[in-house]
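The values are calculated or read from the model by the stated rules, or taken from the named source; none is laboratory data. Worth saying up front: this structure is predicted, and the values here are computed from it rather than measured. Backbone-built Cβ (ideal geometry, glycine too); neighbour counts: all protein chains shown. Please note that ligands, DNA and RNA were not included when accessible areas were found on the heavy atoms of the full protein model with its side chains. Shrake-Rupley method; radii C 1.70, N 1.55, O 1.52, S 1.80 Å.
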Amino acid sequence: MGFRRHGPFQAGDQVQLTDPKNKRHTVTLKEDGVFHTHKGFIPHSDLIGQPEGSVVRSSGGTQYLAFRHLLPDYTLSMPRGAAVIYPKDSAQIVAMADVFPGARVVEAGVGSGALTCFLLRAVGPEGKITSYERREDFAEVATKNVEKFYGGPMDQWRLVVGDFVGSLDESDVDRVILDMLAPWECVDAAAKALTPGGVICCYVATTTQLSRTVETLREHGSFTEPHAWETLVRDWHVEGLAVRPDHRMVGHTGFLVTARRMADGVTPPPRRRRPAKGAYGEESTTTP
């Protein structure tokens with residue numbers, strides 16, 4: 001089930017109105033609805049039947065661009081129970097964890113449902129997403145956000161309210177995505193659920209979380225050498241010959257860690273990289 005992504009606007013569509021100062025408003029169209037702003041009002045009937053990319057004028061004379069939501073715009077404006085994963089990180093998760101159409105994905109820590117929206121689109125109608133969330137209030141917010149964007153319940157999505165380790169009943173899954181305070185506590189359960197060759201991807205906010213997550217994956221013995229990184233996004237101002245970086249940027253939001261599940265009974269070869277002196281304390285040893 002899903003709402004229309006193209007064609008003329010109709011009642012029930014979510015429309016994003018953008019004013020000349022780039023301020024955006026989200027409107028769900030109704031036959032007798034009216035959008036009110038301090039710059040005047042716009043009857044929804046002025047939008048219904050118009051093609052996407054139209055310009056409408058308020059009673060006060062202000063012009064607004066009218067488009068349907070893009071998913072990145074929606075996730076940044078959705079109601080929040082917990083902080084959302086930014087689109088730049090969701091894109092990295094989908095790409096670097098190689099979430100493919102038809103994949104079976106387990107997500108732990110659904111938050112407000114932002115990443116879930118991206119994962120559902122990536123796996124498509126033939127895939128399956130199972131999300132685990134400890135807090136019922138967060139689960140309720142996520143459910144409303146996902147169903148609002150997609151126009152109703154999604155058959156390929158199952159949301160479980162409960163602890164990931166205690167509630168996990170999945171096996172032979174392709175991807176496990178962990179967005180929580182202590183993902184290292186879930187590594188063993190993730191390893192049991194993943195199929196050989198599957199990917200675990202952890203999203204953490206601090207360097208201490210990053211360190212412990214990576215070391216736990218290394219010590220577990222069922223995963224390849226973890227890959228850790230962050231993504232920074234900087235817009236550019238382009239106006240004639242004035243081409244320069246924007247004054248603001250989306251800097252640190254979180255770290256990502258990925259590793260692949262080894263076959264049962266197989267351990268990865270020892271690392272050949274020599275750690276920096278003191279990296280593991282005074283009693284550190286290095287692999288020859």
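Using a Förster distance of 35 Å, how high is the FRET efficiency between Arg135 and His25, based on the Cβ-Cβ distance and rounded to 0.05?
0.75
Between helix 114-123 and the chain, what is the angle of the helix's C-alpha long axis to the longest principal axis, kept within 0 to 90° and rounded to the nearest 10?
80 degrees
What is the magnitude of the charge dipole of the range 195-283 about its Cα centre, with +1 placed on the Cβ of each Lys and Arg, -1 on the Cβ of each Asp and Glu, and no other charges, expressed in debye to the nearest 20?
In total the dipole reaches around 260 debye.
For the chain, build the charge dipole from Cβ charges (+1 Lys, Arg; -1 Asp, Glu) around the Cα centre, then report which of Phe223, Gly53, Phe149 sits farthest towards its positive end.
The residue sitting most towards the positive pole is Gly53.
Separation of the range 40-85 and the range 153-171 by C-alpha centroid, Å?
33 Å
Tell me, what is the Rg over Rh of the range 182-254, with Rh the Kirkwood radius over Cα pairs?
That ratio is 1.22, to two decimals.
Taking N as the number of residues in the chain, what is its alpha-carbon radius of gyration divided by 2.2 N^0.38 Å?
After normalising by residue count via 2.2 N^0.38 Å, the value is 1.20.
Mind putting a number on the dipole of the chain about its Cα centre? Charges go on the C-beta only, +1 for Lys and Arg and -1 for Asp and Glu, and I need it in Debye to the nearest 20.
Value, rounded to 20: 840 debye.
What's log10 of I(q)/I(0) for the range 33-81 at q = 0.19, 0.24 Å⁻¹, Debye sum over Cα points only, no solvent?
-0.73, -0.96
Round to the nearest 0.05 the FRET efficiency obtained for Phe67 and Thr195 when R0 = 45 Å and r is the Cβ-Cβ distance.
0.65
If I histogram all Cα-Cα distances within the range 7-129 using bins 5 Å wide from 0, what percent of pairs lands in each bin?
2, 10, 18, 17, 15, 13, 12, 8, 4, 1, 0
What's the local net charge at Trp229, with K and R +1, D and E -1, over the other residues with C-beta under 13 Å away?
Neighbour charge sum, excluding Trp229 itself: -1.
When we measure straight from the Cα of Lys144, which lysines land under 25 angstrom away, once same-chain ones fewer than 8 places off are left out?
In chain and number order, the partners are Lys23, Lys30, Lys88, Lys128.
Pop a pseudo-label 7 angstrom from the Cα along the beta-carbon direction at both Thr206 and Glu147 and give the gap in nm to one decimal.
So the label points at Thr206 and Glu147 sit 3.6 nm apart.
Send over the per residue convex hull volume for the range 1-41, Cα only, as a whole number of Å³.
Cα-based convex hull of the range 1-41, divided per residue, equals 93 Å³.
Which aspartates and glutamates have a Cα less than 14 Å from the Cα of Lys39, not counting those fewer than 8 places away in the same chain?
Within reach: Asp19.
Given the Cα-Cα distance of Asp246 and Asp98 and 0.36 nm per residue of separation, how much length would full extension add, in nm?
Full extension from Asp246 to Asp98 adds 50.2 nm.
Of Cys186, Tyr203, Leu168, which is farthest on the positive side of the dipole of the range 164-208, counting Cα position, with +1 on Lys and Arg Cβ, -1 on Asp and Glu Cβ, and the Cα centre as origin?
Tyr203
Where the accessible area of the chain is counted over protein heavy atoms with a 1.4 Å probe, how much of it, in %, is carbon and sulfur?
Accessible surface attributable to carbon and sulfur in the chain totals 53 percent.
Hey, rough spin-label estimate for Arg121 and Leu76, points 7 angstrom out along Cα→Cβ, what's it come to in nanometres?
Roughly 1.4 nm, to one decimal.
Set the Förster radius R0 to 25 Å, insert the Cβ-Cβ distance between Glu219 and Ser171 as r into 1/(1 + (r/R0)^6), and round the FRET efficiency to 0.05.
0.60
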